[in-house]
Amino acid sequence: MPRAAPSSPDPAVDAAALLRRIGFIGLVVAVPLAALVSRRAIVILVPIAVVILCLATALDGAGRPVGAGLRRVLRTRAMAAGALLAGWTALSIVWSPFPGTASERLLNVAITVGLTLAGYLALPDRMRAANAYLLPVGVGAAALAAVALGLFSGAALRFGLEDDSTLERGAMLLALLVWPAVTWLRSRRRDVEGLGVAVAVALALVLAPSPIPLLALAAGAVAFALAAWRQQLGVRIAAGVAAGLVALGPLVPFLLRPIVAPLLGPLHPLSQALKTWTRVVTSEPLRLLTGHGFETALRGRIVGMLPPSAPTSLLFEIWYELGVVGALAAAFVLWSAVLQSGRDHPSLTPGAMATAMTAFASACLGMSVTVVWWLTSVAVAVLAFIAIERGQFRTSRPKASALPGIKG
């Protein structure tokens, strides 16, 4: 009886697999390492990596159909609130004192969101474990490099390898990416390796020039522990804290200032920021309805509309720029998005909560949410989490004795 001819390999599939590996290496290995030594690495390398992933999907069709993928995203409540937020932001440019720069910044935000959506559609429904393991490898390697730069920062500065702002950006990216990396390793029952990656990142952030990434990581760790202990409670607390702080932003300085001023002194920068925040709320209460317009907080400091001591927190800026409509829309986006995170795979929920709260805490502590590098860093973390979620289609191999016809 003649044998069946072996199926010939498909060159398109092989090429797509190679491109996908290269794209993912660029996204989760090259980007964290390059971000430590180059300020523009994130905004240059991430689009290149996403384009390569899109090319791979175009070759083998392993990604989700564009129509079905878009419908799944657009039907969510978070997307509906996000559309309202985007529309109100665009409308606020009409009364913004800086319409030109505001329009440019809004275009950059839209491009970053579109890039993230393209990456979401390009990632295959079944992510190979070999590709997903690149995430902890990249995060661990970048953490060790960050530790070395932190220990020998003087020599690095002399050779022009980095500066404080560059290291801060790299550290913030590590704080975001460590949670998807640890979550993937935990899903593969590699808890020791996950702990090692987390410790390496924490040490790198301790040596970082800014405390914001470390504080944001600590907030993520609390969310992770709470969701791991009681999942539903942890999710609701994370969503409630994020949405509640944004919705009640104008009350924050009145609640914190009586506590902070006696502890740190009235001349401490935080005390001064809260004092300025209080003055802005009380002097222009009607502006809480409409806001001053998109991009006003950052540019207002430059031209003197706001004093230099004005806070850079998301909780202040969103109310100052977009008023009650923008703030409540953003609060609903956070509430819906956090509740949705990790719902399909409960084992990933602690990591999803940690990633969300790390990003939110960094924005509250002073990272501007509209600068391109921060938005792109969050986009990388989102794509990394989607990748490990799509790598959960097989979590363990069956024992040989459990297979039909094989006895133990």
- Do we find a residue being at pLDDT 85 or above, of a type in the set (D, E, K, R) and out of contact with any Lys or Arg (no Cβ under 6 Å at 6 or more places or on another chain) anywhere in the range 335-348? no
- Screening Val192, Val235, Val197 for residues that are over 15 Å from the mean Cα position of the chain (by Cα), within 16 Å of Thr349 (Cα to Cα) and in a helix (DSSP H, G or I) leaves only Val235
- Just checking, which of Val260, Val246 is hydrophobic (A, V, I, L, M, F, W, C), in a helix (DSSP H, G or I), at pLDDT below 90 and surrounded by 17 or more Cβ atoms within 10 Å (Cβ to Cβ)? Val260
- Task: Select the helices (runs of 4 or more DSSP H) contained entirely in the range 11-92, then report the ones holding at least 3 residues which are β-branched (Val, Ile, Thr).
- Result: 11-25, 41-60
- Checking Ile93, Ile42, Ile48 in turn, the sole residue that is within 26 Å of Arg390 (Cα to Cα) and surrounded by 18 or more Cβ atoms within 10 Å (Cβ to Cβ) turns out to be Ile42
- Task: State whether one or more residues within the range 168-180 are of a type in the set (Lys, Arg), buried (at least 18 other Cβ atoms within 10 Å of the Cβ) and under 13 Å from Ala146 (Cα atoms).
- Result: yes
- Only unsatisfied item for Val280, checking (1) touching a Phe, Trp or Tyr at 6+ places or on another chain (Cβ under 8 Å); (2) not in a helix (DSSP H, G or I), is (2)
- Query: Taking Glu317 and the conditions (1) in contact with a helix residue (DSSP H, G or I) (Cβ under 6 Å, 6 or more places away or on another chain); (2) surrounded by fewer than 17 Cβ atoms within 10 Å (Cβ to Cβ), which numbered condition does it fall short on, given that it satisfies the others?
  - Reply: (2)
- In this structure, does Ser165 turn out to be outside any helix (DSSP H, G or I) and either out of contact with any His (no Cβ under 6 Å at 6 or more places or on another chain) or among the hydroxyl-bearing types (Ser, Thr, Tyr) (or both)? no
- Task: Quickly run through the range 263-277 and pick out the residues that are farther than 22 Å from Leu289 by Cα and either of a type in the set (D, E, K, R) or outside any helix (DSSP H, G or I) (or both).
- Result: Gly265, Pro266, Leu267, His268
- Quick one: in the range 281-308, which of the residues that are in contact with a Pro (Cβ under 7 Å, 6 or more places away or on another chain) and free of Cβ contacts under 8 Å to residues at least 60 places away in the same chain is farthest from Phe98 (Cα to Cα)? Val281
- Task: With the condition kept exactly as written, say whether any residue in the range 50-64 is within 17 Å of the chain's Cα centre (by Cα), under 18 Å from Ala379 (Cβ atoms) and in contact (Cβ under 8 Å) with a residue 60 or more places away in the chain.
- Result: yes
- Message: If I ask for residues that are in contact (Cβ under 8 Å) with a residue 24 or more places away in the chain and small (Gly, Ala, Ser), which ones from the range 168-201 would you list?
- Response: Gly170, Ala171, Ala175, Ala181, Ser187, Gly194, Gly196, Ala200
- Got at least one residue in the range 300-318 being closer than 27 Å to Arg169 by Cα, charged (D, E, K, R) and at pLDDT below 90? yes
- Scan the range 354-371 and report the pairs whose first residue is more than 15 Å from Leu177 (Cβ to Cβ) and whose second residue is of a type in the set (Gly, Ala, Ser), with Cβ atoms within less than 6 Å and a gap of 6+ or a chain change. Phe360/Ala242; Ala361/Ala216; Ala361/Ala219; Cys364/Ser313; Val369/Ala363
- Query: Only one of Ala219, Ala225, Ala202 is surrounded by 21 or more Cβ atoms within 10 Å (Cβ to Cβ) and either in contact with an Asp or Glu (Cβ under 6 Å, 6 or more places away or on another chain) or in a helix (DSSP H, G or I) (or both); which?
  - Reply: Ala219
- Task: Working only within the range 101-128, note down all residues that are at pLDDT below 90 and surrounded by fewer than 14 Cβ atoms within 10 Å (Cβ to Cβ).
- Result: Asp125, Arg126
- Task: Look through Ala297, Ala384 and report the one residue that is part of a helix (DSSP H, G or I) and more than 16 Å from the chain's Cα centre (by Cα).
- Result: Ala297
- Note on the structure: Within the range 205-216, of all residues that are among the aliphatic types (A, V, I, L, M) and over 17 Å from the mean Cα position of the chain (by Cα), the one surrounded by the most Cβ atoms within 10 Å (Cβ to Cβ) is Ala208
- Query: Taking the range 130-169 as the search range and keeping residues that are more than 20 Å from the chain's Cα centre (by Cα) and under 13 Å from Val197 (Cβ atoms), which one is modelled with the lowest pLDDT?
  - Reply: Val147
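The values are calculated or read from the model by the stated rules, or taken from the named source; none is laboratory data. As the structure is a prediction and not an experimental result, all values here were calculated from the model. Every residue, glycine as well, gets a Cβ built from its backbone with ideal geometry; the counts of neighbours run over all protein chains shown.
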